[in-house]
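K.L.:
This structure is in structure tokens; I'll ask about it shortly.
Every number in this text was worked out from the coordinates using simple rules, so none of it is lab data. Because the structure is predicted, anything quoted here is derived from the model rather than measured. Here the Cβ positions follow ideal geometry from the backbone for every residue, glycine too, while neighbour counts run over all protein chains shown.
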Amino acid sequence: MNMVDITAAQAAYRDELVESGLLIPTGVDGLYGRSGVFEDVVERFDALVTRWGGQDGAEVMRFPPALNRQYFEESEYLKSFPHLAGTIHAFGGDEKAHRTLLRRLEEGQDWTEDQVATDVVMTPAACYPVYPTIAQRGALPGDGKLIDVFSYCFRREPSIDPARMQLFRMREYIRIGTPDQVVEFRELWLERGREMMGSLEVPLDVDVANDPFFGRAGAMLSSSQREQKLKFELLIPITSNEKPTACLSFNYHQDHFGHLWDIHTADGGVAHTACVGFGMERVALALFRHHGFDPAQWPASVRKVLWG
Ligand code: ATP
Ligand code: ZN
Ligand code: MG
């Protein structure tokens, strides 16, 4: 399939999802409301993740979908993904500036001149608030840390592909510890992820992947990430068989975040980190794609896994 066909298939599938009522359009590509049926699937999948991962003793943390701007700056996200970041701005002017704003709005001109950056930034991945939080607690315990997060995430990647949203939810487990602890965690979840998604009877493939690092220097970062096999994705066809969609990701950051935030293991080494991310909307879309738009009609075996 060439790019034109892929784009056409994405547009067609988005139209189907909107017509069925599963996705509620807002007039912005990548920004959707969801129906009760869609949300029920998301909730059941969230519970399934807990059934597979809940016995490991993760500490649960829930953050709003925004990040302390200082954490965001420290994360070096702007070095790698300036094109995806969403910053939150708010009006910072006086009454005169307010009158100007209203006049510009009225005249259909740009009214954003007096919008100034606030101290909060949209969360780009659910795990970002975790590293500085754990760093503040001092050295890790001997068995490291395991954290469970769930958050809306923002990425400025508008698309007609219904599986590429600007605001979407990510459930994650994050392992922080020695290289051995962290590598073992990722191996465990690569296997579990396959089994768990297999139980939902969707076609899947696990493959090495890379993040979309910005610019020319970014191309080098991407290829080194692939060579070192630092990122794997569990792919399921949603809008195309040739270009399946990443529904789960398994990321090994080595000591990157440990260095940035000075996270240390019990024996004084720089902590390594890894995370497994579950794309909630993408998993739901994959289920609708392969089992149909009406969960009542899904195979009994799949219904049993999700609804018991
Ligand atoms: P892709 O390669 O498709 O851009 P990604 O590598 O950027 O995905 P991660 O950064 O690893 O994805 O994010 C973790 C999970 O969040 C992904 O496995 C996916 O399920 C989900 N996800 C990422 N970006 C989006 C998006 N724009 N819309 C919906 N879900 C997303
Ligand atoms: Zn993560
Ligand atoms: Mg991406």
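K.L.:
Please count how many residues of region 197-220 are part of a loop (DSSP other than H, G, I, E, B) and of a type in the set (D, E, K, R).
P.N.:
Here is the first cut: in region 197-220, the residues part of a loop (DSSP other than H, G, I, E, B) are 199-204, 209-214.
Then keep just the ones that are of a type in the set (D, E, K, R); that gives 201, 211.
Counting residues in region 197-220 that are part of a loop (DSSP other than H, G, I, E, B) and of a type in the set (D, E, K, R) gives 2.
K.L.:
If you don't mind, another one. Test Gly144 against the stated conditions and say whether it is surrounded by fewer than 19 Cβ atoms within 10 Å (Cβ to Cβ) and at positive phi. Full working, then the answer.
P.N.:
On the way: surrounded by fewer than 19 Cβ atoms within 10 Å (Cβ to Cβ): no; at positive phi: yes.
Taking the combined requirement at face value, the residue does not satisfy it.
K.L.:
So which of Arg216, Arg171, Arg175, Arg186 is surrounded by fewer than 16 Cβ atoms within 10 Å (Cβ to Cβ) and charged (D, E, K, R)?
P.N.:
Details: Arg171 fails: surrounded by fewer than 16 Cβ atoms within 10 Å (Cβ to Cβ); Arg175 fails: surrounded by fewer than 16 Cβ atoms within 10 Å (Cβ to Cβ); Arg186 fails: surrounded by fewer than 16 Cβ atoms within 10 Å (Cβ to Cβ).
Within the list Arg216, Arg171, Arg175, Arg186, the selection yields Arg216.
K.L.:
May I pose another question? Restricting to region 48-62, count the residues that are among the hydrophobic types (A, V, I, L, M, F, W, C) and touching a helix residue (DSSP H, G or I) at 6+ places or on another chain (Cβ under 8 Å).
P.N.:
Here is the first cut: in region 48-62, the ones among the hydrophobic types (A, V, I, L, M, F, W, C) are 48-49, 52, 58, 60-61.
Next, only the ones that are touching a helix residue (DSSP H, G or I) at 6+ places or on another chain (Cβ under 8 Å) stay: 48-49, 52, 61.
Looking only at that region, the number is 4.
K.L.:
How many residues are small (Gly, Ala, Ser) and either closer than 18 Å to Tyr77 by Cβ or within 13 Å of ligand 1 (Cβ to nearest atom) (or both) when one looks only at region 194-218?
P.N.:
To start, the set of residues in region 194-218 that are small (Gly, Ala, Ser) comprises 198-199, 209, 215, 217-218.
Next, only the ones that are either closer than 18 Å to Tyr77 by Cβ or within 13 Å of ligand 1 (Cβ to nearest atom) (or both) stay: 209, 215, 217-218.
Residues meeting the conditions: 4.
K.L.:
Would you check if Leu235 is of a type in the set (A, V, I, L, M), over 24 Å from Ala85 (Cβ atoms) and within 12 Å of ligand 1 (Cβ to nearest atom)?
P.N.:
On the way: of a type in the set (A, V, I, L, M): yes; over 24 Å from Ala85 (Cβ atoms): yes; within 12 Å of ligand 1 (Cβ to nearest atom): yes.
So Leu235 passes the test.
K.L.:
For region 221-308, please list each of the strands (runs of 3 or more DSSP E) lying entirely inside it that holds at least 2 residues being within 30 Å of Pro141 (Cβ to Cβ), acidic (Asp, Glu) and within 16 Å of ligand 3 (Cβ to nearest atom). Steps first, answer last, please.
P.N.:
Numbers: elements: 231-236, 245-254, 272-279.
Answer list for region 221-308: none.
K.L.:
In region 141-194, what residues are of a type in the set (Asp, Glu) and either without any contact (Cβ under 8 Å) to a residue 40 or more places away in the chain or within 16 Å of ligand 3 (Cβ to nearest atom) (or both)?
P.N.:
The first filter runs over region 141-194 and keeps only residues of a type in the set (Asp, Glu), leaving 143, 148, 157, 161, 172, 180, 184, 187, 191.
If the condition is that a residue be of a type in the set (Asp, Glu) and either without any contact (Cβ under 8 Å) to a residue 40 or more places away in the chain or within 16 Å of ligand 3 (Cβ to nearest atom) (or both), then Asp143, Glu157, Asp161, Glu172, Asp180, Glu184, Glu187, Glu191 are the ones that fit.
K.L.:
Could you pull out the residue among Asp119, Asp110 that is away from ligand 1 (no atom under 16 Å from the Cβ), among the charged types (D, E, K, R) and in contact with a Lys or Arg (Cβ under 6 Å, 6 or more places away or on another chain)? Don't jump to the end; show me each part of the working.
P.N.:
Details: Asp110 fails: in contact with a Lys or Arg (Cβ under 6 Å, 6 or more places away or on another chain).
Answer to the selection: Asp119.
K.L.:
A follow-up question, please. Could you list, in sequence order, the residues of region 209-229 that are of a type in the set (A, V, I, L, M) and within 19 Å of Val276 (Cα to Cα)? Give the derivation first.
P.N.:
Taking region 209-229 and keeping what is of a type in the set (A, V, I, L, M), we get 209, 217, 219-221.
The answer is Ala209, and nothing else.
K.L.:
Please work out which residue is farthest from the chain's Cα centre (by Cα), limiting yourself to region 152-166 and to residues that are assigned to a strand (DSSP E or B) and under 20 Å from Ser80 (Cβ atoms).
P.N.:
Phe154
K.L.:
Could you tell me whether any residue of region 282-293 is within 14 Å of ligand 2 (Cβ to nearest atom) and within 20 Å of the chain's Cα centre (by Cα)? Break it down into steps so the answer makes sense when it comes.
P.N.:
Going through region 282-293, the residues within 14 Å of ligand 2 (Cβ to nearest atom) turn out to be none.
No, region 282-293 contains no residue that is within 14 Å of ligand 2 (Cβ to nearest atom) and within 20 Å of the chain's Cα centre (by Cα).
K.L.:
Could you check region 17-36 and list, in sequence order, the residues that are assigned to a helix (DSSP H, G or I) and without any contact (Cβ under 8 Å) to a residue 24 or more places away in the chain? Walk me through how you get there before you give the answer.
P.N.:
The initial filter retains those residues of region 17-36 that are assigned to a helix (DSSP H, G or I), namely 17-19, 36.
Those that are assigned to a helix (DSSP H, G or I) and without any contact (Cβ under 8 Å) to a residue 24 or more places away in the chain: Val18, Glu19, Gly36.
K.L.:
Can you find even one residue in region 255-262 that is of a type in the set (Phe, Trp, Tyr) and touching a Gly at 6+ places or on another chain (Cβ under 9 Å)? Give the derivation first.
P.N.:
We begin by selecting, within region 255-262, every residue of a type in the set (Phe, Trp, Tyr); these are 257, 261.
From the residues that got through so far, the ones that are touching a Gly at 6+ places or on another chain (Cβ under 9 Å) too are none.
So far as region 255-262 goes, no, none of its residues is of a type in the set (Phe, Trp, Tyr) and touching a Gly at 6+ places or on another chain (Cβ under 9 Å).
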